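What follows is a short report on a single structure.
The values are calculated or read from the model by the stated rules, or taken from the named source; none is laboratory data. Computed from a predicted model, the values in this text were never measured in an experiment. All Cβ positions, glycine included, derive from the backbone under ideal geometry; neighbour counts span all protein chains shown.
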Amino acid sequence: MSRILRFATFALSGALIAAACGGGGPAATSAPSAPAATSAATTAPSAAGAFNEAAEATKLYDAATAANETEVNLYSSINEEEAKPLLDIWTKAFPKIKANYIRASESALISRILTEAQGNKNNFDVVATTSTHLLGPAGLSLKYFPPNAQKIPDDVKDKDGLWFSIYTNWNIVQFNTSKVKKGDITKYEDFLKPQFKGQIIIDDSDIEWYQGLIASRGQEKADQLIKDIVKTNGVTVIDGHGTINDKITAGEFAVALNQYVNQPERSKRQGGPTDWLAIEPVTIITAGKVAVAKSAPHPNSAKLMANFLVSTDAQKYLAGRGRQTTRTDVPLDPPDLLKGISKTYTAPVLPAAEQAELQKKFKALFK
């Protein structure tokens, strides 16, 4: 996504949220191995017997079909190539309900939803993207945890019940194996080496990575490091982590100052000349935040979709794409994907105003 769009979206979010409502991060830690929509937060009970995932899904599906709902609108920032097989799993499981997939960058999705809300248009049923939390203060998210959400940790669930995460993003360094060896980079200061002149890229939305850098080094030192790298070797700002992956794999650039694990993993598994390495503490982003619309046009199907996204089948598929899924009973693929990472930092979820201010600082550093 463009820096201008994301910054504008955060500013727009703040304004629209204020209208709708009437008016430092944690330290590094050790790495971790239905009826119509209502306003009450709901989690399936776990005390009375074993959890039956299939039975819970059937209840939701029956409620949707009984209400004569035949479609559901999913807004998401997952690229279409990755989303299609996921939706194929949905179609096989729930053939009577068509999933309409609306894909855009996270900022574009949030901007669209907020703009639709101002025009009293209730189009989205479920949203899955990193900035979903911005919808809560605007009163657009339903308090709802689907039955399968009991299988994910509380720290990836909103304390007010407005969203939950289906995957996290671990921030690493991606490189082209024909141009860079793992030993060439062990710390961020290595990006100052002459071999990287004109060869470094970064995504224009990596403010959570910037949060982590500030947390580990302090504001002044973090900013100075970035300024030194930009001045010495230059950094090209790219729109989208998928685009970064494509350009590095193609050899257009040698290295990404920051990237998400799932991107190089996807190309690496397809035989591409790319790999990744971790510089600790590794910043973790609570991404893939899922929320059901408070005024969903298809309320029962919306609950079913939210439950599906954290189902065993959906989570296994996403793990197979190299994502760090949140369901505790679905292992990473491979299970040792993150082996060797001992220190992490989980970037806190920021309100719209703080997010916009951080984006402004981040943008200025890479001019």
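The table for this structure:
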{"quantity": "Residue list for region 195-205, filter: modelled with pLDDT of 95 or more and either outside the structural domain of Gly240 (by TED's automatic domain parsing) or outside any helix (DSSP H, G or I) (or both)", "calculated": "Lys197, Gly198, Gln199, Ile200, Ile201, Ile202"}
{"quantity": "Scan of region 102-124 for residues that are over 15 Å from the mean Cα position of the chain (by Cα) and closer than 21 Å to Val156 by Cβ, ordered by number", "calculated": "none"}
{"quantity": "Any hit, region 89-96, residues being part of a helix (DSSP H, G or I) and farther than 14 Å from Met305 by Cβ", "calculated": "yes"}
{"quantity": "Scope region 158-201; condition aliphatic (A, V, I, L, M), more than 26 Å from Lys339 (Cα to Cα) and surrounded by 21 or more Cβ atoms within 10 Å (Cβ to Cβ); matching residues", "calculated": "Leu162"}
{"quantity": "For Gly251: the one exception among (1) in contact with a Pro (Cβ under 9 Å, 6 or more places away or on another chain); (2) at negative phi; (3) surrounded by fewer than 23 Cβ atoms within 10 Å (Cβ to Cβ)", "calculated": "(2)"}
{"quantity": "Output for region 165-194, where each listed residue is assigned to a strand (DSSP E or B) and not β-branched (Val, Ile, Thr)", "calculated": "Ser165, Tyr167, Asn169, Trp170, Asn171, Gln174, Phe175, Asn176"}
{"quantity": "Selection status of Asn100, part of a loop (DSSP other than H, G, I, E, B) and surrounded by fewer than 17 Cβ atoms within 10 Å (Cβ to Cβ)", "calculated": "no"}
{"quantity": "Selection within region 294-313 - of a type in the set (Gly, Ala, Ser), out of contact with any helix residue (DSSP H, G or I) (no Cβ under 6 Å at 6 or more places or on another chain) and buried (at least 23 other Cβ atoms within 10 Å of the Cβ)", "calculated": "Ala302, Ala306"}
{"quantity": "Those residues of region 236-258 which are out of contact with any helix residue (DSSP H, G or I) (no Cβ under 6 Å at 6 or more places or on another chain) and of a type outside the set (Gly, Ala, Ser), in sequence order", "calculated": "Thr236, Val237, Asp239, Thr243, Ile244, Asp246, Lys247, Ile248, Glu252, Val255, Leu257"}
{"quantity": "Residues that are surrounded by fewer than 16 Cβ atoms within 10 Å (Cβ to Cβ) and touching an Asp or Glu at 6+ places or on another chain (Cβ under 8 Å), drawn from region 340-360", "calculated": "Ser342, Lys343"}
{"quantity": "Out of Thr328, Thr344, sole residue that is in the same structural domain as Ala138 (by TED's automatic domain parsing), part of a strand (DSSP E or B) and among the polar types (S, T, N, Q)", "calculated": "Thr344"}
{"quantity": "Residue list for region 69-81, restricted to those being under 18 Å from Ile166 (Cα atoms) and either crowded, with 17+ Cβ neighbours inside 10 Å or among the β-branched types (Val, Ile, Thr) (or both)", "calculated": "Asn73, Leu74, Tyr75, Ser76, Ser77, Ile78"}
{"quantity": "Qualifying residue in region 95-116 (condition: touching a Lys or Arg at 6+ places or on another chain (Cβ under 7 Å) and of a type outside the set (A, V, I, L, M, F, W, C))", "calculated": "yes"}
{"quantity": "Residues that are of a type in the set (Gly, Ala, Ser) and touching a Phe, Trp or Tyr at 6+ places or on another chain (Cβ under 7 Å), drawn from region 229-282", "calculated": "Ala254"}
{"quantity": "Check on Ile89, hydrophobic (A, V, I, L, M, F, W, C), in contact with a strand residue (DSSP E or B) (Cβ under 9 Å, 6 or more places away or on another chain) and either at pLDDT 95 or above or on the phi < 0 side of the Ramachandran plot (or both)", "calculated": "no"}
{"quantity": "Number of the exception - Thr283 against (1) on the phi > 0 side of the Ramachandran plot; (2) surrounded by 18 or more Cβ atoms within 10 Å (Cβ to Cβ)", "calculated": "(1)"}
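To keep it simple, each residue is scored yes or no on (1) farther than 18 Å from Leu60 by Cα; (2) among the polar types (S, T, N, Q); (3) outside the structural domain of Asn52 (by TED's automatic domain parsing).
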| position | (1), (2), (3) |
| --- | --- |
| Tyr101 | yes, no, no |
| Leu109 | yes, no, no |
| Thr115 | yes, yes, no |
| Gln118 | yes, yes, no |
| Asn123 | yes, yes, no |
| Leu134 | yes, no, no |
| Gly139 | yes, no, no |
| Pro146 | no, no, no |
